[in-house]
Amino acid sequence: DAHVGGTVEITVERGGERIRQTLPVGDLHAISPSEYFEFGDAVVHALSYQMARHFNAPVSGVFVANPGYVLNAAGVPRGAVISSVGGKPVATLDDFVRVVGALADGERVALRYSTLDDPKGTETRVMRMDRSWFPAHRCRRDDATGLWPCEPIAAMSSNVRPSPAMASCA
């Protein structure tokens, strides 16, 4: 940790020739998710550098850590990387929270995602927001306390509720 932001010199041998390189020392915490968003019993966070590197995928999108109720009901699997919601790109967790946080209870929206097993292929599913049973909140890691305090994401004032179905007896 003391060398973060500095450089380190290394010597490697390549083809019998010694090569000296000076490399920057990066901060692992800066490229690791430090917050998550929970909504509809689902848990998502930014795609980590480690996962993207492991699957040779770009560090972009929102990783589904747990599909919970809403994403599972929509057919979105654990490990999916969501790239757009309602036709709006979501490259970061902030983008995702902005779009999904504005959804009213019962509102439906299309999600586009890929899986890390097939990062070039995409799928589209329709998710129905559930705020009645599962309030939305965003949690951030607090390194001083070691806890993950959460902030609620306010529900929309105009809830979109499906109207009851009517059956006629004829």
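Taken about its Cα centre, segment 89-140 carries a charge dipole of roughly 120 debye when the Cβ of each Lys and Arg holds +1 and the Cβ of each Asp and Glu holds -1.
Computed about the Cα centre, the dipole magnitude for the chain is approximately 520 debye when only Lys and Arg (+1) and Asp and Glu (-1) carry charge, each at its Cβ. Across segment 22-141, C-alpha contacts under 8 Å between residues 6 or more apart give a mean separation that, scaled by the residue count, equals a relative contact order of 28 percent. The residue list T92, G26, A102 was ranked by how far each Cα lies along the charge dipole of the chain toward its positive end, using unit charges on Cβ atoms, and A102 comes out on top. What length, rounded to one decimal in nm, is gained on full extension from N66 through to T11, with 0.36 nm per residue of separation minus their alpha-carbon distance? My answer for the length gained is 15.5 nm. Modelled this way, with points 7 Å down the Cα-to-C-beta line, the labels at V4 and T92 are 1.9 nm from one another. Packing-based ranking of 53-59, 144-150, 126-132 yields 126-132, 53-59, 144-150, ordered from highest to lowest mean Cβ neighbour count within 10 Å. Straightening the chain between R20 and T124 buys 32.6 nm, computed as 0.36 nm per residue apart minus the Cα-Cα spacing. Given the choices (1) 1.20; (2) 1.14; (3) 0.95, Rg/Rh (Cα atoms, Kirkwood Rh) derived from the coordinates of this structure is entry (2).
Given +1 at the Cβ of Lys and Arg, -1 at the Cβ of Asp and Glu and no other charges, the dipole of segment 11-102 around its Cα centre is 300 debye to the nearest 20. Of the options P119, G16, A74, report the single residue whose Cα projects farthest towards the positive end of the charge dipole of the chain (beta-carbon charges: Lys, Arg +1; Asp, Glu -1). About the Cα centre, the residue reaching furthest to the positive side is A74.
Any read-out appearing in this document is the output of simple, stated calculations on the displayed coordinates, not a laboratory observation. As the structure is a computational prediction, the values presented were derived from the model and not from experiment. Please note: Cβ atoms are built from the backbone with ideal geometry, for glycine as well, and neighbour counts cover all protein chains shown.
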